[in-house]
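The structure appears below as structure tokens.
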Amino acid sequence: MESLNPNISLLSTRPAVMTVDLGRLARNLGRIQTHVRKNGSATKVMAVVKANAYGHGLEKCALHLEASGVDFLGCAYVEEGIILRRAGVKIPILIFGGILADQARLYIEHDLDITASSVSKLDHIEATAAAMGRRARVHLKIDTGMERLGVHHDTSDALLERTLSLKWTDVTGIFSHFARSDEADFSFTELQLERFLECARFFERHALPMPLRHIANSAAILRSAATHLDMVRPGISLYGVHPAPGVEDPLGLEPVLSLKTKVVYFKVVKAGNGVSYGHLWKPEHDTRVVTLPVGYGDGYPRALSNKAEVLIRGRRVPVVGAICMDQLMVDIGAGEAYNGDEAVLIGTQVAEDGTSETILVEELAARAGTIAYEILVGLNARIPRKYLGG
Ligand SMILES: *Cc1c(COP(=O)(O)O)cnc(C)c1O
């Protein structure tokens, strides 16, 4: 007798799927590489894959980016870096986050580049490396106006000078992070860049090799070549999503992710009957309502209740009533839809007449009153991922 194969994930049977197009991811990387090397420079690219690669899947995306020729990977937490090493990633990985004393050993064991954000942390890294008899690699973190991690730019000398006496620690990089590079007014970003470059001149003054200087996130990469320096750190732009509504994309980046599901129920709702929890929506006329099996439990934000649109048969139709944990309702009016029909929550759908409609993550973010980053990373592990072109 045959038994059920326990290796078949039940998740894969779910009629909701996020498709991640790795071909597009690699093409976006290529566009960014070409853009930052336009003037013949050898600017490196660090692909930022923190938070499950912005919801797209940490290991799959990282391995594909590595195979596509990215120089570095960037993560937030040491745990993310360890997952990548276990998955077989060989290229350098920088962990942006703050390091606690007892974590130094973990970083060094897994060959992860460490953010050194104070003299005492650097001391501890050096001591741990010496005790282990293994070299550590650090990137110095300079705070040029974010007030998060790092030594203030105007009091960075102690950290910079400490690097002169390191025996077990290599200074691979020096970096900072922009607070306002997505805003129309670029003046604070320019000030941050100036402060950062002044700190990095320390190495010139001591006739030492310059570590990799990096400061540019997606918005800065797209807006200002002066910020590119020795390496850039694209996150959201790699995934084909705009950092903010006002930031133009001269590169033609393509969205990597789409989210689709299927109609699981059809009913006629009589005029005046409230739909979903709290009856936040009541039709004025009798109408047709379909149910989709995706909700805020998957990371489709409840803030989109009565606000989002989805695509059915290539047309935009409104989400009505409160979005539930596992389901949401859509008013198709006089339109037709059958059980099993495809519904697109993010991405493109073609209608029978050949026209098409697209719903972008950026649109959902605007409608939910948040940023595209939060929509992306909110899409959680309950949604099965399907990878194209891997
Ligand atoms: C998240 C992050 C980035 C990437 O930012 P995007 O706006 O997504 O390009 C770059 N650098 C650091 C330190 C980050 O934390």
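The values are calculated or read from the model by the stated rules, or taken from the named source; none is laboratory data. Here the structure is a predicted model, which is why all the values come from computation and not from measurement. FYI the Cβ positions are ideal-geometry reconstructions off the backbone, even for glycines, and counts take in every protein chain you see.
Restricting region 247-270 to residues that are under 35 Å from the mean Cα position of the chain (by Cα) and surrounded by fewer than 12 Cβ atoms within 10 Å (Cβ to Cβ), the residue that is nearest to Tyr373 (Cα to Cα) is Glu248. A single entry from Ile125, Ile221 fulfils the requirement of being over 25 Å from the mean Cα position of the chain (by Cα), buried (at least 23 other Cβ atoms within 10 Å of the Cβ) and either part of a helix (DSSP H, G or I) or without any contact (Cβ under 8 Å) to a residue 40 or more places away in the chain (or both): Ile125.
Being among the β-branched types (Val, Ile, Thr), more than 15 Å from the ligand (Cβ to nearest atom) and at pLDDT 95 or above, is that true of even one residue in region 26-40? Within region 26-40 (the criterion being among the β-branched types (Val, Ile, Thr), more than 15 Å from the ligand (Cβ to nearest atom) and at pLDDT 95 or above), the answer is yes, since at least one residue qualifies. Got at least one residue in region 70-82 being of a type in the set (D, E, K, R), touching a His at 6+ places or on another chain (Cβ under 6 Å) and more than 15 Å from the ligand (Cβ to nearest atom)? No, there is no match, as no residue in region 70-82 is of a type in the set (D, E, K, R), touching a His at 6+ places or on another chain (Cβ under 6 Å) and more than 15 Å from the ligand (Cβ to nearest atom). In the set (1) free of Cβ contacts under 8 Å to residues at least 24 places away in the same chain; (2) assigned to a strand (DSSP E or B), Lys260 fails one condition alone, (1). Among the residues of region 271-283, are any of a type in the set (A, V, I, L, M), surrounded by 14 or more Cβ atoms within 10 Å (Cβ to Cβ), more than 9 Å from the ligand (Cβ to nearest atom) and in contact (Cβ under 8 Å) with a residue 60 or more places away in the chain? No - not one qualifying residue is present in region 271-283.
Among the numbered conditions (1) charged (D, E, K, R); (2) farther than 30 Å from Ala16 by Cβ; (3) crowded, with 19+ Cβ neighbours inside 10 Å, the only one that Asp230 does not meet is (3).
Only one entry of Lys141, Lys167, Lys60 meets the criterion of being out of contact with any Cys (no Cβ under 7 Å at 6 or more places or on another chain), away from the ligand (no atom under 16 Å from the Cβ) and not in a helix (DSSP H, G or I), and that entry is Lys167.
Does Phe188 satisfy the criteria of being more than 13 Å from the ligand (Cβ to nearest atom) and within 29 Å of the chain's Cα centre (by Cα)? Judged against the criteria, Phe188 is a match.
Number of residues in region 147-164 that are assigned to a loop (DSSP other than H, G, I, E, B) and either of a type in the set (Val, Ile, Thr) or more than 12 Å from Arg195 (Cα to Cα) (or both) equals 4.
Identify the residue in region 221-238 that is in contact with a helix residue (DSSP H, G or I) (Cβ under 7 Å, 6 or more places away or on another chain) and more than 8 Å from the ligand (Cβ to nearest atom) and, among all such residues, is farthest from Phe188 (Cα to Cα). The qualifying residue farthest from Phe188 (Cα to Cα) is Val232. Of all the residues in region 49-69, those that are more than 21 Å from Val17 (Cβ to Cβ) and either in contact with an Asp or Glu (Cβ under 7 Å, 6 or more places away or on another chain) or surrounded by fewer than 24 Cβ atoms within 10 Å (Cβ to Cβ) (or both) number 5. Ile108 - would you say it is outside any loop (DSSP other than H, G, I, E, B), within 16 Å of the ligand (Cβ to nearest atom) and of a type outside the set (Gly, Ala, Ser)? Judged against the criteria, Ile108 is not a match.
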